[in-house]
1. Based on this model, can you work out whether GLY24 counts as open to solvent by less than 20 Å² (accessible area, probe 1.4 Å), under 21 Å from LEU344 (Cα atoms) and in a helix (DSSP H, G or I)?
2. Counting only residues that are of a type in the set (Phe, Trp, Tyr) and touching a strand residue (DSSP E or B) at 6+ places or on another chain (Cβ under 7 Å), how many does segment 319-362 have?
3. Is it true that some residue in segment 341-354 is under 20 Å from GLU111 (Cβ atoms) and in contact (Cβ under 8 Å) with a residue 12 or more places away in the chain?
4. Do we find that THR88 is surrounded by 14 or more Cβ atoms within 10 Å (Cβ to Cβ) and more than 28 Å from TYR148 (Cα to Cα) in this structure?
5. Exactly one of (1) exposed (fewer than 14 other Cβ atoms within 10 Å of the Cβ); (2) among the hydrophobic types (A, V, I, L, M, F, W, C); (3) farther than 30 Å from MET394 by Cβ is unmet by ALA60. Its number?
6. Do you know which residues across segment 65-105 are assigned to a helix (DSSP H, G or I) and in contact with a Lys or Arg (Cβ under 7 Å, 6 or more places away or on another chain)?
7. List every residue pair whose Cβ atoms sit under 6 Å apart, with the two residues 6 or more apart in sequence or on different chains, where the first one lies in segment 266-292 and is over 17 Å from ARG234 (Cα atoms) and the second, anywhere, is of a type in the set (Lys, Arg) and open to solvent by 20 Å² or more (accessible area, probe 1.4 Å).
8. Out of the residues in segment 11-56 meeting the condition of being within 22 Å of ALA359 (Cα to Cα) and polar (S, T, N, Q), tell me which one is modelled with the highest pLDDT.
Amino acid sequence: MTLLYKTVNALLMALCIIGHAAAGIFLTNTRLLGLRETEGKLFILLGNMAAWPLLGLVQALRSGGFSGFALSLLRPGSFAWLWRVAFTLLGARWLAQEVYRLRHPRPDPPELLSTQVESVDMRREITEFEGKARTRPAGILHRLNEIYALEVITHEVKLDRLPPEFDGFTILQISDVHYAHFLSAEYVRRYVDLCIDFSPDLIVLTGDYQTYPGDVECAARLLSPLGEWSRRDRSGMGTLAVMGNHDRDAGLAAVSHALRRAGIRVLNNEHVRLEREGASLYIAGVADPWGLKADLPLALHGIPAGSCTILLAHVPDFLVTAAGRGVDLQLSGHNHGGQVKLPLLGPVLVSSRYGRRYAGGFHKMHATLMYASRGLGGKPPIRFGCKGEITRFMLR
């Protein structure tokens, strides 16, 4: 058996396994992520993600393995053959897409003037605070899991319609807190304090504050320093929030009331006007687009034509609706940046009707710029190759 044949055979086996993994990712994103949140959902997601590539490996080994898989693809006539060919082609397509993405990265929009990234790795501190010995299994998992390793990203963004009086206005975005009993409360306290220390002009929260309904009140208490800062330093207009799909599942009224009691104003298909030296900047917020409750015309009603408007919408997919409706900048979360990024497979967990298109970062449609934050939490509480983020926008 020649070296060339062995190489081709191994490559085809790998493509078959990648094709199965891609199918598992598609099923997870389109079906399983939408399941009701329960303690067992984590095992369903992880089990499904592991089962598909394992199935691909078993198929490849049963069909000739390292000596005859390539030849098995040349022997048509059965459903098993059709299955192998289909998933091998799917793997080839997926790999080609990833290679193309790496060689042709999406260019930054012209509105993005500069970007700075600062790493804030809390894994060691949180491990010690939680009392987990760093050499024991729980401590080792804490160190490998990037759920407590975040980045502070500062984007300088030019908005053509921004009034000169608002030049240098800073907005800090927090998204997808996803607090639950398995997430360290100390982690949330630390990044909330970090946000307040930055003392931006405005803090916006773009949805999904807890994972389970029973964690609503605790999540609101952990975020309450943002409300206290808003009342103390920004006359009650310093922190604005919108609802996400998990907030709908937990009960919109319960989550909204909890945040309002914490001093955080919730925008539900409405807007607020910020004033500086007689000039205006409008911040609009829509209800959860995932639940089909978002009403953009209502949220924008009363905003004078030509005004600079920033929209808070939990789901990045809402860009398709917001584009061309007078929105200058949309801030979203929801997709967690994929949460897990694997070599050859890219972002794994992207709950979007557009696949991985809006996993994270800047996107533009017509005159509307949109930023999808990677968020700070996770469900399941695992991050790999995709750290959480606090995002600062300096408007120009």
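The values are calculated or read from the model by the stated rules, or taken from the named source; none is laboratory data. A quick note: this is a predicted structure, and the numbers were derived from the prediction, not measured. Here the Cβ positions follow ideal geometry from the backbone for every residue, glycine too, while neighbour counts run over all protein chains shown. Heads up: the accessible areas ignore ligands, DNA and RNA and are worked out on the full protein's heavy atoms, side chains in. Shrake-Rupley method; radii C 1.70, N 1.55, O 1.52, S 1.80 Å.
1. Yes.
2. Going through segment 319-362 one residue at a time, the tally reaches 2.
3. Looking through segment 341-354, none of the residues is under 20 Å from GLU111 (Cβ atoms) and in contact (Cβ under 8 Å) with a residue 12 or more places away in the chain.
4. Answer is yes for this residue.
5. (1)
6. Result: SER72, TRP81.
7. ALA287/LYS293; ASP288/ARG248; GLY291/ARG248
8. Ranking the qualifying residues of segment 11-56, first place goes to ASN48.
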